[in-house]
Amino acid sequence: MKAIQLNGFGDVSNFSLTHLDTPVIKNDEVLIKIKASAFNPIDYQMRLGLRESRLMRSPILGRELSGIVQQVGPDVIGFKPGDEVIALAGSRGSNGSYAELMALNYQMIGRKPRHISFEEAAAIPSSGLTAWHSFTKMKAEVSDSIFINGAAGGVGRFLIKLLKANGVSNIVATAGSGQSVAALQSLGLGDGQIINYNQPDLKDLLITANHGNQFDYAVDLVGGTIAETTADVLKMNGNYVDVTFLGTSVTREILFDKGANILNIAAYAFAIENNLSWYGETLSHLAQLIENHEIDAPAINIIGNLSVETVQEAHRLMEANRIYGKKLVMKI
């Protein structure tokens, strides 16, 4: 099978095309013919050799996919050849999703929503599971106010859809470009709910957007110094949802002084404790929500077909933060 291999930590020139043997499935695995692979920021962080690279088990990157089951092991329950599926493989697959095939434990796959394309479906797993993990830990009520830092990204947009589908609409979000503003407007946020993070006095603008009040929940999807503002606008004893682990020491001081409830979000935590069924069950639930039109499928930007050039371009766009509210996808 063809795959795109990372030959060492560093820049995008370290990717090359390679040919590998077809993965041999274990008793509890399925062999998936990958139809589309989506890109995630963790991909380029792994490529650079950052903290996330410790999760790597293969030089083939890529963590999420859509495809068709080709073969099933004798212990597999509920799937057969020909089934259309989605998966967040993380580092549990035989290789990453920058490839034509992958062997993966059947408990980690979910049904693909029937009425959407493979490319749209590939954009669901990582963002959808992270957003669902956030949503279920938050337990936000209709009356709660929510600030989302970095809301135009995949997780943010998925989280907004889940919140609004459950009646939580007092949401304020930041955006830094016209494309990101348009992406948030398409989710039903009004002009008064979208704040340009490049403006001075950002903290005051955010609190003004919340009718002069600090927020019940602050969700950080960015990290860095802007996480300090995210912590600043949280009310005393409020709930801080940390998806990045990239907040500064100042951020941690602010949150400690406020007695904040810290909700750490890491979708890979379920794999660490070997609770693999959470992935498949949650993905199937999200697929059902999309099929029932309770939430929409993610917006996507198809970068190209399986090639070194496609992978390089996707990594450049992610590193430059030029996603603009659309998930980057590669056709396989």
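The values are calculated or read from the model by the stated rules, or taken from the named source; none is laboratory data. Computed from a predicted model, the values in this text were never measured in an experiment. All Cβ positions, glycine included, derive from the backbone under ideal geometry; neighbour counts span all protein chains shown.
Structure notes:
- Within region 237-249, if we keep just the residues that are in contact (Cβ under 8 Å) with a residue 24 or more places away in the chain and under 18 Å from S145 (Cα atoms), the residue that is surrounded by the fewest Cβ atoms within 10 Å (Cβ to Cβ) turns out to be N237.
- Given (1) modelled with pLDDT of 95 or more; (2) assigned to a helix (DSSP H, G or I), index of the condition Q179 fails: (1)
- Candidates Y240, Y324, filtered to the one that is part of a loop (DSSP other than H, G, I, E, B) and not hydrophobic (A, V, I, L, M, F, W, C): Y324
- Matching residues, region 247-264, being modelled with pLDDT of 95 or more and either on the phi > 0 side of the Ramachandran plot or assigned to a loop (DSSP other than H, G, I, E, B) (or both): K258, G259, A260
- Only listed residue being crowded, with 24+ Cβ neighbours inside 10 Å and assigned by TED's automatic domain parsing to the domain that holds L205, chosen from I109, I146: I146
- The condition of being of a type in the set (G, A, S), buried (at least 24 other Cβ atoms within 10 Å of the Cβ) and either assigned to a loop (DSSP other than H, G, I, E, B) or at positive phi (or both) holds for only one of A152, A173, A121, that being A152.
- For region 275-286, the count of residues that are surrounded by 15 or more Cβ atoms within 10 Å (Cβ to Cβ) and part of a strand (DSSP E or B) is zero.
- Complete set of residues in region 182-205 that are within 13 Å of A299 (Cα to Cα) and not in a helix (DSSP H, G or I): S186, L187
- Test: residue in region 85-94 that is in contact with a helix residue (DSSP H, G or I) (Cβ under 8 Å, 6 or more places away or on another chain), within 19 Å of R316 (Cβ to Cβ), small (G, A, S) and at pLDDT 95 or above: no
- Applying the condition of being touching a helix residue (DSSP H, G or I) at 6+ places or on another chain (Cβ under 8 Å), assigned to a strand (DSSP E or B) and of a type in the set (V, I, T) to region 1-37 and asking which residue is farthest from I124 (Cα to Cα) yields I4.
- Filter pass, L289 being surrounded by 13 or more Cβ atoms within 10 Å (Cβ to Cβ), among the hydrophobic types (A, V, I, L, M, F, W, C), on the phi < 0 side of the Ramachandran plot and assigned by TED's automatic domain parsing to the domain that holds V76: no
- Considering residues of region 34-49 that are in contact with a Leu (Cβ under 6 Å, 6 or more places away or on another chain) and at pLDDT 95 or above only, the residue surrounded by the most Cβ atoms within 10 Å (Cβ to Cβ): S37
- Some residue of region 292-305 being out of contact with any helix residue (DSSP H, G or I) (no Cβ under 6 Å at 6 or more places or on another chain) and either under 20 Å from K137 (Cβ atoms) or assigned to a helix (DSSP H, G or I) (or both): no
- Among the conditions (1) over 28 Å from N239 (Cβ atoms); (2) within 15 Å of the chain's Cα centre (by Cα), the only one that G150 does not satisfy is (1).
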